[in-house]
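**Student:** If you scroll down you'll find the structure; I have some questions about it.
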Ligand code: SRM
Ligand SMILES: Cc1cc2nc3c(=O)[nH]c(=O)nc-3n(C[C@H](O)[C@H](O)[C@H](O)COP(=O)(O)OP(=O)(O)OC[C@H]3O[C@@H](n4cnc5c(N)ncnc54)[C@H](O)[C@@H]3O)c2cc1C
Ligand SMILES: Cc1cc2nc3c(=O)[nH]c(=O)nc-3n(C[C@H](O)[C@H](O)[C@H](O)COP(=O)(O)O)c2cc1C
Ligand code: SF4
């Protein structure tokens, strides 16, 4: 456990109400009540872990463990057979590591790789938020897995739950001073917003102490969060233009590096982004963040802290579906929000400074840094690091980690960067990769810009396949691209198994969102730089339906595009879709085509 | 020497006193002379020996001593007693578990029926007796006239080792071998009956009564005599044909195991079992293997022949007798060489009859082939149900034995045959009572159940029974298998029993869920204190499952926890019961 020393002092303001709620009039959601009663996220987790007759834990604790970076799941592929076999659901846990900026040392990589085979399902899963997930860890192995992660000087605190999640930063601190500063800010902010409760240590690391039921529930244990933490998950990112690899507009809070004359002068602050929505509920929608203003580097963490505290106090705790910051800002208005924020900060934000993003996604392949060292952006399809015959990626990365002296960086697009490589090591790395059947830079422009969420079989919320389907769909689309001569063009395609938007599909030029097994909603027309949401074009389409809609569109794009014009922009210009100007316009002027 | 004539003797009471005063003082020689004399006189005067009245002379005494694990020896002992009584013996049956050598030394006529277990070991409950018998300070056995029937299985290297040991040791201790030892394979029934008749004849006193017919009453108090059970309604010779109601592989997808739970409809009158009993299954061979065997000796399966091999013959177990017989039949020295002790074990380890034939091809006639093959023995499975809970059904838990060797896929005959059945198929069954693996008669007594894999079967029956009969006793289950997610046999049922209180504690050990192996014995060690507590509260410890891979290590662990003495005490108190195979 990397016990950090907070770099910033807490500001003096009073944590919002600790009044005891009268059960009769208490309109708060179930989740709020569980948090309230949890003795700072302890609940009955420890006792539940010791119950051997079931692989699950109590329902309330299933919600609480998320704050500790883990989810109870079950293998949905085998649900059908279990009862007849007199077995409960095939329960196991997903564990998500907290890695601000996604940077790990080769030693940490090796430790995580070992955990994958010792306790998880033999794979490492790079996520869309610059970290690793393990799947398939059974209850009896949970403590030892958490301890192994701790031994690797990593933790999973607040990787999930209604708190500030893992903080993203534009990949690769070696590219410039601004990039390095972005990583520092991500780390500082993540550390500053960490829950202070001792629950994590007691339950997972120290073991026994947790039996002490009298653990204090004093309100000052969590100076920022208070006793009930946040109304909903909260996500922060840091971006360094011109690269928008972190999809800055998809998150609750964002910092955009402002570099003038080669010097980082401060940060533009963005608020109110988010992807999640619910099919058929028009008052839920993805939303691109607003640019709120500019602050200096020194002010950044303070500003961030108070964006959190305002959301803590203003966020909707009675309707969970409307609890994200994006809805708080929709209801209160951006100016009211800014005013309250500045009041709490004790200083005003300046007007936003100009900035320009050119692209989302990662730059893949070898590139030479200013200092002469090399960096390899390696495409990992859907972030799933595993060995399959002819393509033993996991082993390759393990062998690389064994000889690598720089860092290994998880990107926000489920890829990995092997950073800070000497010319000598570069040769070795190339040799290892080809020995394991991993080619660099051969995948099509569509594939290297593709992302799919996990979905089945582990995700409880999946309505359709995603990670296990997108690769086939892309293969099918590659024929279309070949015919249109677009194989090498960068076109962003993202798929999710449900409308929650874990792969940020609403910011993809081609977005696919699962509805029922085999059927997807197709969204088109988002901006390549991540600044504009897409729009629904076809509903409940299957593989052929998807290709049926895309084939003519791609053909037309190949024929009629202006040079440098992106697929999404082309579709808007040629009026195939209306542009989505703001989140609350996402469901507006939709023109459906027959799938 | 106490009074010899019983009050029931055909004399008036004062006559009895007189005779007793007289004979009582006489030494054995005088007494036997007298008896011989009287007999002679009667014979001379051709006096008719009175019928209906009490026996003219005391009956010849016979003790039938048995050592048994699964009850075969015991059943034979009881059968032998019936036969002996018919022939006028005063016969009693005694379990080695209850026998003391001192008492045995005083018996005159002794039939010993003993099985061999483990790898040439005595049955568990006979172990102590055997230790005493083989000990240097064992009592001399002059005057004991004995005969040994050894039960075994030619599939095992040490065929009938225990019976042989007993036979040799008795002779060495001065006892008189009165009939030759017989060593019987699994098809023992008829041969045993024949041997019993001959042996009884040998023990029967020559008419007129020989001096041997003195009435020497051995007092067996303390040594519980085994009482007869009435004939079972079903047995291996007349099994019940039961229909399968349901059959399901309990292991989840991705498991390395295949453990099928089978539910038979057994509402036939006379069908009764109790938790702890085993069920005998009469299975069939794999038709493909039948063809392979026929083919390997140049025979094409005529329907009758195929049918015979399919249902009646053991066509898999490669025993030394089979190799021997085959070598002699074919005159092949290379085959004969394999039957030598040095080479046999290694050769037979992972081979079957078909390999012997295929590797030494000769053509046989149908009769020659049949002559080589022993009858197909039934297989035993612990009953996994309780009549109280599953009314007219009988449940079994069968692990499909499958492996590969010498380029052939091998399937355990019975287990894989059962695993291949479907609902509606019928199977021949019989009950194999196991009086020595039963719930405590006092249902309030705590029980500790330790089992791995299919060893959990009788415990499912135990807890289902206790739940159905609402018994109050505490219960603790230790279960072991490979993987929690796919191999937690009957998990949902255990959860229900825990919720209802029918099961008090459960501990599980899954060996392959983490880098290091964890087994039930490790869980036992971790719970040592609590276990000692339960045992001192009178808990009975039950162990069921594989002998080599589990029961031994569990025994070691229990010895660690309770101490040599402690465990012995529990054992002799009948509270350490094992059903291992
Ligand atoms: C692993 C990951 C997708 C991936 O393939 O990489 C993921 C996987 C899951 N997300 Fe997500 N989310 C992931 C990034 C996202 C993103 C993208 C982002 O943050 O950049 C979003 C959209 C942005 C946003 O938050 O609005 C996202 C929006 C959701 C939501 C909808 C939230 C909402 O406001 O509506 C849920 C459901 C919920 O929270 O109730 C959710 C829930 C889940 C759960 C935990 C399902 C659940 O709640 O039971 C999924 C676990 C699946 C599994 O078996 O692993 N996930 N999730 C990403 C992990 C990120 C990380 O390391 O922290
Ligand atoms: C009292 C008692 C209770 C029992 N209860 C149960 C029960 O509840 N459930 C259960 O499943 N079984 C139980 N058994 C075991 C069962 O009776 C059978 O022995 C088992 O099912 C195997 O029989 P089979 O006919 O399938 O295999 P067989 O055809 O008899 O083959 C088994 C033989 O094959 C050989 N063999 C097996 N595996 C290998 C290998 N990997 N390599 C080389 N050779 C090998 C060994 O010689 C083994 O003896 C019990 C046994 C006893 C005595
Ligand atoms: C696990 C096990 C081990 C056995 N070991 C031997 C052995 O080593 N030698 C032998 O001749 N018979 C052995 N047998 C066969 C038994 O002696 C045979 O089944 C006998 O009929 C059992 O008699 P019982 O029911 O009285 O115990 C073994 C049987 C089993 C199930
Ligand atoms: S988008 Fe939906 S299906 Fe995909 S991982 Fe997120 S919650 Fe699961």
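**Student:** Between residue A:335 and residue B:368, what is the label-point separation in nm under the 7 Å Cα-to-beta-carbon projection?
**Tutor:** 10.9 nm
**Student:** Full extension from residue B:291 to residue B:13: what is 0.36 nm times the residue separation minus their Cα-Cα distance, to one decimal in nm?
**Tutor:** 92.4 nm
**Student:** Same structure again: Using helices alone, what [θ] at 222 nm do you get for the protein assembly as shown, with -39,500 (n - 2.57) per DSSP H run of 4 or more residues, divided over all residues and rounded to the nearest 500?
**Tutor:** For the protein assembly as shown, the value works out to -9500 deg cm²/dmol.
**Student:** Could you tell me the extents of the stretch B:409-493's C-alpha atoms along the three principal axes, largest first, rounded to whole Å?
**Tutor:** Taking the Cα atoms of the stretch B:409-493, the three principal extents are 47, 33, 24 Å.
**Student:** At q = 0.11, 0.13 Å⁻¹, work out log10 I(q)/I(0) for the stretch A:483-595 with the Debye formula, treating every Cα as an identical point scatterer and leaving solvent out; two decimals please.
**Tutor:** These q points yield log10 I(q)/I(0) values of -0.31, -0.43.
**Student:** Now a separate question. Report, please, the projected area of the stretch A:20-61 averaged over directions, based on the convex hull of its C-alpha atoms, in nm².
**Tutor:** Mean orientational projected area (the stretch A:20-61, Cα hull): 3.5 nm².
**Student:** Return the FRET efficiency for the residue pair residue A:283, residue B:536: r is the Cβ-Cβ distance, R0 is 56 Å, and the value is rounded to the nearest 0.05.
**Tutor:** Efficiency computed from Cβ-Cβ geometry: 0.25.
**Student:** State the volume of the convex hull built on the alpha-carbon positions of the stretch B:526-581, expressed per residue in Å³ and rounded to an integer.
**Tutor:** 73 Å³
**Student:** Can I ask one more? What angle do you read, to the nearest 10 degrees and between 0 and 90, between the alpha-carbon axis of helix B:552-572 and the longest principal axis of chain B?
**Tutor:** Taking Cα atoms only, the helix is inclined about 30 degrees.
**Student:** In addition: Take the Cα coordinates of the stretch A:319-474, assign each an equal point scatterer, and use the Debye formula without solvent to give log10 I(q)/I(0) at q = 0.11, 0.17, 0.21 Å⁻¹.
**Tutor:** These q points yield log10 I(q)/I(0) values of -0.67, -1.02, -1.32.
**Student:** How many angstrom separate the Cα center of the stretch B:139-190 from the Cα center of the stretch A:496-566?
**Tutor:** Their Cα centres are 85 Å away from one another.
**Student:** Using the count of nearby Cβ atoms within 10 Å as a rough guide to exposure, how do A:85, A:578, B:548, A:261 rank from fewest to most?
**Tutor:** The order, fewest Cβ neighbours first, is A:261, B:548, A:578, A:85.
**Student:** State the extension gain, in nm to one decimal, for the chain segment bounded by residue B:202 and residue B:516, taking 0.36 nm per residue of separation less the distance between their alpha-carbons.
**Tutor:** 106.9 nm
**Student:** Taking 0.36 nm per residue of sequence separation and subtracting the Cα-Cα distance, how much length would be gained by fully extending the chain between residue A:153 and residue A:388, in nm to one decimal?
**Tutor:** Contour length minus the Cα-Cα distance gives 81.6 nm.
**Student:** Using only alpha carbons, build the gyration tensor for chain B and give me the equivalent ellipsoid semi-axes, biggest first, whole Å.
**Tutor:** Each semi-axis is the square root of five times an eigenvalue, giving 46, 33, 23 Å.
**Student:** Could you check the spin-label model distance between residue A:424 and residue B:100? Points 7 Å from the Cα along Cα→Cβ, value in nm.
**Tutor:** Result: 8.6 nm between the two label points.
**Student:** Report, as a whole number in µm² per second, the diffusion coefficient that Stokes-Einstein gives for the stretch A:113-199 at 4 °C and 1.567 mPa s using the Kirkwood radius over alpha carbon pairs.
**Tutor:** Diffusion coefficient, whole number: 89 µm²/s.
**Student:** Between 0 and 90 degrees, rounded to the nearest ten: what's the tilt of helix B:161-172 against the longest Cα principal axis of chain B?
**Tutor:** Approximately 20 degrees, to the nearest ten.
**Student:** Using a Förster radius of 60 Å, what is the FRET efficiency between residue B:233 and residue A:28 based on their Cβ-Cβ separation? Nearest 0.05, please.
**Tutor:** 0.35
**Student:** Describe numerically, in nm with one decimal, the distance between label points set 7 Å from Cα along Cα→Cβ at residue B:560 and at residue B:142.
**Tutor:** Roughly 5.0 nm, to one decimal.
**Student:** Give me the base-10 log of I(q)/I(0) for the stretch B:342-400 at each q in 0.12, 0.13, 0.28 Å⁻¹, Debye formula, one uniform scatterer per Cα, rounded to two decimals.
**Tutor:** These q points yield log10 I(q)/I(0) values of -0.59, -0.64, -1.17.
**Student:** Compute the distribution of all C-alpha to C-alpha distances in the stretch B:67-221, in bins of 5 Å from 0, and list the percent of pairs in each, rounded to whole numbers.
**Tutor:** Spelled out per bin, shortest first, that is 2, 9, 19, 24, 22, 15, 7, 2, 1, 0.
**Student:** Then there's this: What does the convex hull of the Cα atoms come to per residue for chain A, in Å³?
**Tutor:** Once divided by residue count, the hull of chain A is 160 Å³.
**Student:** How do B:161-171, A:245-255 rank on mean C-beta neighbours within 10 Å, highest first?
**Tutor:** Most protected by this proxy first, the peptides run A:245-255, B:161-171.
**Student:** Ok, one more. Residue B:324 to residue B:194: FRET efficiency via 1/(1 + (r/R0)^6), r the Cβ-Cβ distance, R0 25 Å, to the nearest 0.05?
**Tutor:** The value I calculate is 0.65.
**Student:** Let me ask you something else. Work out the mean other chain Cβ neighbour count within 10 Å for the residues of B:484-497 and drop it here as an integer.
**Tutor:** If you average over the peptide's residues, the count of other-chain Cβ atoms is 5.
**Student:** Return the percentage of antiparallel bridges among DSSP beta bridges fully within the protein assembly as shown, rounded to the nearest 5 %.
**Tutor:** Taking every DSSP beta bridge with both residues in the protein assembly as shown, the antiparallel ones total about 60 percent.
**Student:** Need one number: % antiparallel among DSSP beta bridges in the stretch A:186-335, to the nearest 5.
**Tutor:** 80 percent
**Student:** Can you give the translational diffusion coefficient of the stretch A:132-276 in µm²/s, computed by Stokes-Einstein from the Kirkwood radius over Cα pairs at 10 °C and 1.306 mPa s?
**Tutor:** Rounded, D is 92 µm²/s.
**Student:** How high is the relative contact order of the stretch A:66-162, in percent, counting Cα pairs under 8 Å that sit 6 or more residues apart?
**Tutor:** Relative contact order, the stretch A:66-162: 40 percent.
**Student:** Can you give the relative contact order of the stretch B:411-508 as a percent, counting alpha carbon pairs under 8 Å and 6+ residues apart?
**Tutor:** It comes to 27 percent, rounded to a whole number.
**Student:** When the Kirkwood hydrodynamic radius is evaluated over all pairs of different C-alpha atoms of the stretch B:405-559, what value in angstrom, to one decimal, is obtained?
**Tutor:** Computed over the stretch B:405-559, the radius equals 17.2 Å.
**Student:** Can you quote the Å³ per residue value for the convex hull of the Cα atoms in the protein assembly as shown, rounded to an integer?
**Tutor:** Considering the Cα atoms of the protein assembly as shown, their hull volume per residue is 245 Å³.
**Student:** Working from Cα positions, state the angle (0 to 90°, nearest 10) between the long axis of helix B:13-25 and the longest principal axis of chain B.
**Tutor:** 90 degrees
Readers should treat all values here as calculations from the given coordinates under stated rules, not as data from a laboratory. Since the structure is predicted, the reported quantities are computational estimates derived from the model, not experimental observations. Virtual Cβ from ideal backbone geometry, glycine too; neighbours counted across all protein chains shown.
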